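The values are calculated or read from the model by the stated rules, or taken from the named source; none is laboratory data. Quick caveat: nothing in here was measured; it's all calculated off a predicted structure. Using ideal geometry, Cβ is built from the backbone for each residue, glycine included, and neighbour counts are taken over all protein chains shown. To get the accessible areas, we keep the full protein, side chains included, count just its heavy atoms, and leave off ligands, DNA and RNA. Shrake-Rupley method; radii C 1.70, N 1.55, O 1.52, S 1.80 Å.
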Amino acid sequence: MEWFGDNYAKFDFEMFSLSHFIIMGIFLGFTAGLYYMRGRLKDEKWRHAEIGLAISLIILELINHLWMYVNGNWKASHSLPLELCNISLLLTIIFLFSRKKLLYEILLFTGLLGATQAIFTPSLNYDFPHFRFFHFFITHMVIVWVPLYFTWAKGFRPTIWSCVKLFVFINVLAPTVLLINYLVDGNYMYLNHKPKHASLLDFLGPYPYYILSLEVLTIILTLIVWFVFKEKKGKI
């Protein structure tokens with residue numbers, strides 16, 4: 001079962017390869033389809049699909065940790081669900097079950113501002129048809145699609161206070177993750193150093209200044225997302 005092994009010699013992923021372009025095309029096409037089908041998706045019969053998706057994500061994530069364990073790759077320094085997209089995936093699962101507005105407010109921003117970057121500039125070793133290829137792109141795309149679905153089909157909308165809530169969430173989360181990084185010798189959320197692969201952080205200055213630059217950029221981009229998706233009836 002090479003597709004479930006840890007040797008990526010036969011599955012070496014390259015950014016902007018054919019498989020990556022196909023994935024980006026699927027992502028953009030499905031996103032456009034969500035918007036186009038938003039009227040039909042308003043029906044509450046889709047509630048069963050939401051629950052089914054949440055259960056499927058739990059199973060997929062458990063299989064991912066099983067993959068790391070059986071291949072001897074599970075280590076506290078990099079296997080805990082403490083990257084922002086890992087945390088967003090857990091929040092997505094909880095949100096699909098609960099439909100709590102607070103979780104939507106966080107996920108709309110982390111999905112559009114975080115998971116989309118991961119889709120277009122992925123930190124990934126395994127190409128199609130390896131398990132990790134499917135796990136990586138399915139989870140990141142769902143993190144984006146779920147809040148968009150609830151925006152376009154279910155009438156959820158961010159407010160200006162959603163931006164404040166995200167800022168508080170990030171700044172409570174970051175010190176906690178930084179402490180865990182120290183305890184397990186990790187680099188979750190890239191709080192200790194930049195990733196080895198090319199990323200947006202390369203344009204934000206050296207360590208630790210890129211963290212402050214990212215805070216400012218996050219505030220600006222969050223306000224843009226709020227402006228684009230806020231209620232269009234004159235309400236904030």
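Straight-line cross-link reach from residue 42 at under 21 Å between alpha-carbon atoms covers these lysines, not counting any fewer than eight positions away in the same chain: 100, 101, 154, 230, 232, 233.
Report in % the part of the accessible area of the range 108-234 that belongs to carbon and sulfur, leaving out ligands and nucleic acids; probe 1.4 Å. Walk me through the numbers before you get to the answer.
Working: 4530 of 6270 Å².
Reported share for carbon and sulfur atoms: 72 percent.
Across the chain, Cα pairs under 8 Å and at least six residues apart give a relative contact order of 26 percent.
Defining a contact as two alpha carbons under 8 Å apart and six or more residues distant in sequence, what relative contact order in percent does the range 148-236 show? Don't skip to the answer; put the middle values down first.
Working: 52 pairs, mean separation 33.6, N = 89.
Worked out over the range 148-236, it gives 38 percent.
The mean accessible area for residues of the range 129-180, using a 1.4 Å probe and ignoring ligands and nucleic acids, is 38 Å² per residue. For a straight C-alpha distance cut-off of 20 angstrom, the aspartates and glutamates reachable from residue 196 (same-chain residues fewer than eight places away being disregarded) are 6, 12, 14, 83, 127, 185. Annotation for residue 202 and residue 4: the two label points, set 7 Å from Cα along the Cα-Cβ direction, are 3.6 nm apart. Where in the chain are the helices, taken as whole DSSP H runs, whose Cα atoms extend 18 angstrom or more along the long axis and whose Kyte-Doolittle mean reaches at least -0.5? TM-like helix candidates: 18-36, 47-70, 84-98, 131-152, 160-184, 209-229.
With the whole protein complex present, residue 135 retains an accessible surface near 10 Å², based on a 1.4 Å probe.
When the Gaussian network model of the chain links Cα atoms closer than 10 Å, the mean-square fluctuations of 155, 186, 111 top out at 155.
Averaged per residue, the range 42-115 has 49 square angstrom of accessible surface, using a 1.4 angstrom probe with ligands and nucleic acids left out.
Backbone amide hydrogens, once placed in the peptide plane, bring residue 126 within less than 5 Å of 13, excluding anything fewer than 5 places away on its chain. In loop segments of the range 1-108 as defined by DSSP, the chymotrypsin sites (Phe, Trp or Tyr not before Pro) with at most 12 further C-beta atoms inside 10 Å of their C-beta are 16.
Counting other Cβ atoms within 10 Å of each Cβ, which trypsin sites (Lys or Arg not before Pro) in the range 1-87 have at most 12 and sit in a DSSP loop? The partial results should precede the final answer.
On the way: sites: 10, 38, 40, 42, 45, 47, 75; in loops: 10, 38, 75.
When the trypsin sites (Lys or Arg not before Pro) of the range 1-87 are filtered for loop state and at most 12 Cβ neighbours within 10 Å, 10, 75 remain.
From helices alone, the chain scores -20000 deg cm²/dmol at 222 nm; the rule is -39500 (n - 2.57) for each run of n ≥ 4 DSSP H residues, then divide by the residue total.
One decimal place: the segment residue 185-residue 28 gains 52.8 nm when fully extended, by the rule 0.36 nm per residue minus the C-alpha distance.
For residue 131, neighbours were defined as the other residues whose beta-carbon sits under 14 Å from its Cβ, and their charges (Lys and Arg +1, Asp and Glu -1) total -2.
Please list, by residue number, every one of the trypsin sites (Lys or Arg not before Pro) in the range 136-236 that is coil in DSSP and has at most 14 other beta-carbon atoms within 10 Å. It would help to have the intermediate numbers written out before the result.
Values: sites: 154, 165, 196, 230, 232, 233, 235; in loops: 154, 196, 230, 232, 233, 235.
Sparse-neighbourhood loop trypsin sites (Lys or Arg not before Pro): 196, 232, 233, 235.
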